[in-house]
Structure formats: structure tokens, C-alpha cells
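In what follows, a single structure is set out as C-alpha cells and then discussed.
The values are calculated or read from the model by the stated rules, or taken from the named source; none is laboratory data. Quantities reported herein were computed from a predicted structural model and do not represent experimental measurements. Note that each Cβ is placed from the backbone with ideal geometry, even for glycine, and that neighbours are counted across all protein chains shown.
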Amino acid sequence: MNMVKNQISPNSLSETTIMPKLDYDLVIVGGGIAGTALACALKNSGLKVALVETKSKSVVAGKKLAYNLSLISGRILDGIGVWQEILPKITTYRQISLSDGNYPRTVQFYPDDLAISGKKQTLKEGLGYVGEHQVMLAAMQEFLADFEQFTWFCPAQVLQVNYQSDFVEVELRCKDTDSLSEEERTFTIRSKLVVGADGARSPIRETAGIGTHGWKYWQSCVAMTIKTEKSHNNIAFERFWPSGPMGVLPLPGNRCQVVWTAPHAEAKGLQMLDQEEFLAKLEYRTAGLLGKVELLSDRYVFPVQLMQSDRYVQHRLALIGDAAHCCHPVGGQGLNMGIRDVGAIAEVIKTAHQQGKDIGDIKVLKHYEGWRRKENLVILGVTDFLDRIFSGTLLPIVAVRRLGLWGMGIIPMFKSLSLRVMTGLFGRYPKLTQMLSVK
Ligand SMILES: Cc1cc2nc3c(=O)[nH]c(=O)nc-3n(C[C@H](O)[C@H](O)[C@H](O)COP(=O)(O)OP(=O)(O)OC[C@H]3O[C@@H](n4cnc5c(N)ncnc54)[C@H](O)[C@@H]3O)c2cc1C
């Protein structure tokens, strides 16, 4: 059977190396940030890893979105070894500002607010980061280039997965290989474990018969990149409006990522609105803080949902990232949960491998599920609560949330706990974080 080391692509197939068997320890399906970060985390683990992605590497990396990254995500990516390549190209922010529409009281968070009971903490990192998808994924793809035990199957499509008691077989077809016959383009990979990192609609999850619970929100979000006249001063801010929250995340070079949540029809309307009218609305919503703004990208609309998989693992299968859970974009937590999944599953798999255990054994995989499912549920609950309490005009709800904001601003314990959730400094830290300054 023909097979290429490192990448299956139409160009490289002509220089094929014949390999007798397609045997791997682990197959990751999905080359988004979660799947690719897991492959990176397993570099030097002694495990042989395959990554199957349905789109080409450049198309996957080309997604126009930027993310709020928590401190813990930064530490995990640092432990993996890709952070030093990413950090200089993204923004570190040291202030978060929360406000309720036009209500004048805003709550400001600074690194010192993480202190509990007056204990000062030496936190050098700031409060979080904003990184563009392209910057992060390109760095990770580059990092994999010299991972000898690693193979891309990309672009390629999974045709079938057969779970057996001692192994799992993944049948796949490589795309864009016109010069090859159907037979030559089809591969079967045998491995001990499949990791589904194939996004919210996860075909891997569905074909394994794993159900989900959750709901679709009445809102969609409109995401775009803007250029600002005034400096954003490296402040991340979220303003809560009755129609939904709006997050503005600072990017390098006087640019910001805006995520504007609104009921579906309103979100569609915002996407279609004449550019000048749209920018006038945006300037009103940003209260002139950023001065005149300019659009640098299209306005992309995404539906919003909350979803938790009924199981994260079963025999020879584990789910990570959006394949396992999705949350409302308020607070920018979705990918952060996925990166934390990566830290946890990499640790569980590497430990099992070092102890000579079968990495696809359900007893091993249950350690990952037991660790991550509960922690993710907390975030799903918090983001849902925030969206519901802040997206309403009923007077008692308005009164409660303004009281809440006020309390958050003046009660140090309340402020510190809220900040711990935002920065990811709660729960169990994967060993990859190297336990820096915060206990
Ligand atoms: C507007 C918006 C703003 C957001 N902002 C933030 C934020 O600020 N902070 C944050 O933490 N999160 C944020 N999120 C959430 C974040 O985007 C997701 O949680 C994250 O991108 C999920 O990454 P993933 O790798 O798990 O999945 P995906 O990015 O969906 O990647 C899945 C990959 O699998 C591939 N695939 C699918 N099916 C197959 C198959 N059968 N075979 C092979 N490959 C397959 C896909 O092509 C894709 O490349 C935001 C989301 C939205 C919509």
C-alpha cells in the first residue's frame, strides 16, 4: 500500500515511500485547533500519531476568527512547546471591562484582583490573550513538521470506523488525488484509539452512537475584525445588551475582534446592513471608546448553541473540543475548554503509555472523562447563566444583574472568583501547565 510520511497530498503522493502497514497508536480525526494541539502535545511521547482532516491545511488555518485565550490555555500551549512562536504575534491584555448596556457603572478587572483574602499574587502574565486562528494553527502545523512519528492524512475523508476489542480500524479516502485510482486513494489505519476532534457536528461522535444534550439559543453571533481610530489600550471588554452580549477583543495593530450576539433575525440584519449604518451602530455600541471604526473583514454569522455529549469516551474512542461540548460565546470560553481537554487527555494517554497500559482501554479513558466533563459543565452553566441574566429587560432581572455587577465591583472575593473563571485559574491543572506562579 502507498503511504507518505508526514502529509498525504496530490503533490507528495508521487514521491511515495512504500510502507507495509498503516499501524498507529492513535488517530485524531479533525485538524482544527483542538485536534492539532493534541498531535503537538504528543510529540516526543513515543506514540505514533495520525491526523485526518477533511480540508487542506491552508484552508483549515485560513479561518477568519480570533479567540480570547485564558491564562491556563497559554500555559498549556507553553507546556506543549508552541507558545513561544504564538505569543509575540498575539495580544496580551491586562484589563477586562464589563458593563451593562449604557448603564454608567463598569467593573474593571486587573491582575491584582485575583488575590483572595488579601494574599498578593505574582502574576506576570496579565489576564489573558487574544490570538487569531491563523496565527495559532500555522504555528502548530509548523511545530509538527519534524515530528517523525506523525502523519497527516489531509485532505482526507473518514469513510468508516470499526471498533474491535483490541484495535480500531479507520477507513479513509484521500481527496484531490486525481492521478490515483479509487483503490489507491483508500487507506485503512489500524490503531488503539480514535480521538474525535471533528467539531460540533462530529460525525465520529454520531456514528459511535453518542448522544448529546443541550439547546440552540434564540441568538446568533456576528463576528468581524475592525480597525480602530483610538488605541484599544489592550483592554478586553464585554457589554451586555438586552439583545445579547457584545465582546470586543484587542488584536495587534489597533485592530479588534468583535463578537456581537443578537436574536437570529437581528443578527442576519446586522450582516446585511449597509456598511455605514452598521459602523454607526457599532460606534454607538462601543460608546466612542475606540473612535471611528473600519471593517477589515466580512461580517460572519454563527448560530449559537449549548451542547454537552452524554459521554466523552467509550471503548477505543475519546471526544475533545467542540465534538464533546459547545457553549455560548459570552466570555470566549469554547476553545479554552478544548485546549484544557487537550492538556488532560495528553496527560492521561502519556501516563498510560509509560506504564505499558493500553491507551484505548475504557478504564484509562475514564480518567479523562472524569476529569474534564464536570469542569466543562461548570463553564456551560456559567455562560448560560450570564447570557440569560444579561439578555433581558424585565425590571427585576435588570435590578438583579446591576446589583450583581455592583457586587462584583466592590466585593473582593466575588471579584476574584469571577476572574478565576474567566482566566481558567480553577479546577485541576494539567501537568503541561508546569504549575507556574498561581496555586
Ligand atoms: C463567533 C465565535 C467566537 C468565538 N470566540 C471564542 C473565544 O473568544 N474564545 C474561545 O475559547 N472560543 C471561542 N469560540 C469557540 C471556538 O471557536 C470553538 O470552541 C473552537 O474553534 C473549536 O475548535 P475544535 O478544534 O474543537 O473544532 P473545529 O474548529 O470545529 O475543528 C474541527 C475540524 O474537524 C474537521 N472535520 C470535521 N469533520 C471531519 C471528518 N469527518 N473527518 C476529518 N475532519 C473533519 C473540520 O474540517 C475542522 O477542521 C468562538 C466561536 C464562535 C462561533
Quiz item: Restricting the stretch 134-171 to residues that are over 13 Å from G31 (Cβ atoms) and of a type in the set (A, V, I, L, M), which is surrounded by the fewest Cβ atoms within 10 Å (Cβ to Cβ)?
Solution: A145
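Suppose the filter is over 30 Å from W260 (Cβ atoms) and in a helix (DSSP H, G or I); does K374 pass it?
Numbers: over 30 Å from W260 (Cβ atoms): yes; in a helix (DSSP H, G or I): yes.
Criteria met by K374.
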Exercise. Please specify each residue of the stretch 335-367 satisfying the condition of being in a helix (DSSP H, G or I), away from the ligand (no atom under 15 Å from the Cβ) and in contact (Cβ under 8 Å) with a residue 12 or more places away in the chain.
Key: E347, V348, I349, K350, A352, H353, I362, V364, L365, K366, H367
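In this structure, is L365 loosely packed, with under 13 Cβ neighbours inside 10 Å and at pLDDT 95 or above?
Numbers: loosely packed, with under 13 Cβ neighbours inside 10 Å: no; at pLDDT 95 or above: yes.
Considered against the rule, which asks whether it is loosely packed, with under 13 Cβ neighbours inside 10 Å and at pLDDT 95 or above, L365 comes out as no.
Mind listing whichever residues of the stretch 231-272 are free of Cβ contacts under 8 Å to residues at least 40 places away in the same chain and assigned to a strand (DSSP E or B)? First the steps, then the outcome.
Here is the first cut: in the stretch 231-272, the residues free of Cβ contacts under 8 Å to residues at least 40 places away in the same chain are 231, 246, 253-254, 256, 258, 260, 265-266, 269, 272.
The answer is M246, C256, V258, W260.
Could you look through the stretch 95-140, keep only residues that are aromatic (F, W, Y) and modelled with pLDDT under 95, and pick out the one that is nearest to L417 (Cα to Cα)?
Here is the first cut: in the stretch 95-140, the residues aromatic (F, W, Y) are 103, 109-110, 129.
After this cut, where a residue has to be modelled with pLDDT under 95 as well, the list is 103, 109-110.
Numbers: Y103: 23, F109: 11, Y110: 13 Å.
Selected residue: F109.
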Practice problem: Please go through the stretch 27-54 and pick out each residue that is surrounded by fewer than 22 Cβ atoms within 10 Å (Cβ to Cβ) and within 11 Å of the ligand (Cβ to nearest atom). | Solution: T54
Quiz item: Got at least one residue in the stretch 169-188 being in contact with a helix residue (DSSP H, G or I) (Cβ under 7 Å, 6 or more places away or on another chain) and assigned to a strand (DSSP E or B)?
Solution: yes
Practice problem: Look through the stretch 189-230, keep the residues that are within 16 Å of the ligand (Cβ to nearest atom), in a loop (DSSP other than H, G, I, E, B) and surrounded by 16 or more Cβ atoms within 10 Å (Cβ to Cβ), and return whichever of them is farthest from the chain's Cα centre (by Cα). | Solution: A208
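In the stretch 4-21, is there at least one residue being within 17 Å of F143 (Cα to Cα) and either in contact with a Phe, Trp or Tyr (Cβ under 8 Å, 6 or more places away or on another chain) or at pLDDT 90 or above (or both)? Lay out the reasoning, then the answer.
Initial filter on the stretch 4-21 (within 17 Å of F143 (Cα to Cα)): 5-7.
In the following step, the residues that additionally are either in contact with a Phe, Trp or Tyr (Cβ under 8 Å, 6 or more places away or on another chain) or at pLDDT 90 or above (or both) were identified as 6-7.
Among the residues of the stretch 4-21, at least one is within 17 Å of F143 (Cα to Cα) and either in contact with a Phe, Trp or Tyr (Cβ under 8 Å, 6 or more places away or on another chain) or at pLDDT 90 or above (or both), which makes the answer yes.
Applying the selection to the stretch 155-168, what residues are in a loop (DSSP other than H, G, I, E, B) and either in contact with a His (Cβ under 6 Å, 6 or more places away or on another chain) or not hydroxyl-bearing (S, T, Y) (or both)? Walk me through it before giving the result.
Here is the first cut: in the stretch 155-168, the ones in a loop (DSSP other than H, G, I, E, B) are 155, 164-167.
Listed by number, the residues that qualify are P155, Q164, D166, F167.
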Exercise. Would you mind telling me which numbered condition in (1) at pLDDT 90 or above; (2) more than 18 Å from S97 (Cβ to Cβ); (3) part of a helix (DSSP H, G or I) M422 fails?
Key: (2)
Self-check item: Scan of the stretch 287-304 for residues that are assigned to a strand (DSSP E or B) and within 16 Å of the ligand (Cβ to nearest atom), ordered by number
Solution: L295, Y300, V301, F302, P303, V304
Quiz item: In this structure, does L98 turn out to be of a type outside the set (G, A, S) and closer than 30 Å to D23 by Cα?
Solution: no
Quiz item: Does G332 fit the bill of being within 16 Å of the ligand (Cβ to nearest atom) and among the small types (G, A, S)?
Solution: yes
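Name the residue, out of G31, G46, that is touching an Asp or Glu at 6+ places or on another chain (Cβ under 7 Å) and in a loop (DSSP other than H, G, I, E, B). Full working, then the answer.
Working: G46 fails: touching an Asp or Glu at 6+ places or on another chain (Cβ under 7 Å).
Step by step, each of G31, G46 is checked, and only G31 is touching an Asp or Glu at 6+ places or on another chain (Cβ under 7 Å) and in a loop (DSSP other than H, G, I, E, B).
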Practice problem: Kindly provide the set of residues from the stretch 317-329 that are closer than 15 Å to K374 by Cα and more than 6 Å from the ligand (Cβ to nearest atom), ordered by number. | Solution: L319, I320, A324, H325, C326, C327
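Quick one: how many residues across the stretch 55-82 are within 15 Å of Q434 (Cα to Cα) and crowded, with 18+ Cβ neighbours inside 10 Å?
Going through the stretch 55-82 one residue at a time, the tally reaches 11.
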